[in-house]
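Chemist: The structure follows.
The values are calculated or read from the model by the stated rules, or taken from the named source; none is laboratory data. Small disclaimer: the values here were computed from a predicted structure and weren't measured. Don't worry about glycine lacking a Cβ; one is built from the backbone with ideal geometry, like all the others, and counts go over all protein chains shown. Protein only, heavy atoms only, side chains kept; ligands, DNA and RNA dropped before computing areas. Shrake-Rupley method; radii C 1.70, N 1.55, O 1.52, S 1.80 Å.
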Amino acid sequence: MARTTPHDHPPTGGEPLYRRIATELLGALRDGTIPPGERLPGERRLAGHFGVSRETVRQALELLRRDGLVATDRRGSHATLPGAPVETPASLAFPVGARAATPGTVARATVTWEPPPPDHAEALGLTPGRPTLIHRYRYATADGRGLRTAVTSFSAVALAEVEELGRYRDRADGTAAAQLRRAYDWMRRAGLTLHHRDAITRLASTPSVRVTRRVHDQYARPLEITDLVVDARQDALIYEFTLPGRSG
């Protein structure tokens, strides 16, 4: 008898629940929502997302493992479909617009624990006045001209699920340096698949532009929002994209 896979039979009213979940996960694997090599959310998180027991999740994952679509090691399950990840760490730097300090320039980053700007609170689903982790970044020339500044607010989801970010709460006094260059790596390592949207607008009556980046996970939960302001007379903002290669 030929071996069946989740996509052989579309979900129907009589289809086992674990097979329906396997079908949804397979879709996320094939469309790149969960890139090759990306670690899947843990069984508990998947069970909560789908509203089923962990045993049902285990059955779904076993179906995918049997067909070579995911593999499991001591760190959990991860996608094994061939091809390059949709998004590589090099294509998504934190914060947006960050640059390495070079001779004649100064880069500084700090964190505070305070209520975010109202538009950030709304985007992150935080109640007005509720504090969160705020990251501030400034890059300027030695003579003090501000070339680019960025303010990032993190969501409650990011702080709860990304252990490395949560640790900053007790030392977020705004004085110590806090280079969170690996923030996106930490999020991925926590099992989160990152999706981002960048909006670029001109600031009225100034030569500057604003880039607003919103990042959410595979469940559409907001993780962070960043506002970057760049002096367009002094600097240029360069975006790099890595596109998946053609298959077959």
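Chemist: So if I take the alpha carbon set of segment 142-186, get Rg, then get Rh from the Kirkwood formula, what is the Rg over Rh ratio? Numbers along the way, then the final one.
Modeler: On the way: Rg = 13.0 Å, Rh = 12.5 Å.
In segment 142-186, Rg relative to Rh is 1.04.
Chemist: May I ask you to derive the FRET efficiency for THR127 and HIS49 from their Cβ-Cβ distance with R0 = 22 Å, giving the value to the nearest 0.05?
Modeler: Details: r = 24 Å, r/R0 = 1.07.
According to the calculation, E is roughly 0.40.
Chemist: If amide H atoms are built 1.01 Å from N in the plane of the peptide, which residues on other chains or at least 5 residues away come under 5 Å of the amide H of GLN218?
Modeler: THR193
Chemist: Separate question: Got a sec? What order do VAL106, VAL52 fall in by accessible area at 1.4 Å, biggest, i.e. largest, first? Write out the running numbers ahead of the final one.
Modeler: Working: VAL106 80, VAL52 25 Å².
These residues rank, largest area first, as VAL106, VAL52.
Chemist: Right, something else. How would SER77, SER53, SER205 line up by accessible area, probe 1.4 Å, largest first?
Modeler: Numbers: SER77 15, SER53 60, SER205 130 Å².
From most accessible down to least: SER205, SER53, SER77.
Chemist: Once fully extended, how much extra length lies between ARG210 and GLU163, figured as 0.36 nm per residue of separation less the alpha-carbon to alpha-carbon distance? Don't jump to the answer; show the numbers that get you there.
Modeler: Values: separation 47, 0.36 × 47 = 16.92 nm, distance 2.99 nm.
That pair, ARG210 and GLU163, stretches by 13.9 nm at full extension.
Chemist: Another question, if that's okay. For HIS196 and ALA156, what does the FRET efficiency come to when R0 = 22 Å and r is the distance between their Cβ atoms, rounded to the nearest 0.05? Present the calculation step by step, with values, prior to reporting the outcome.
Modeler: Numbers: r = 19 Å, r/R0 = 0.85.
Result of the calculation: an efficiency of 0.75.
Chemist: How would TYR168, TYR139 line up by accessible area, probe 1.4 Å, largest first? Mind showing how you got there, number by number?
Modeler: On the way: TYR168 30, TYR139 10 Å².
The most accessible residue leads, giving TYR168, TYR139.
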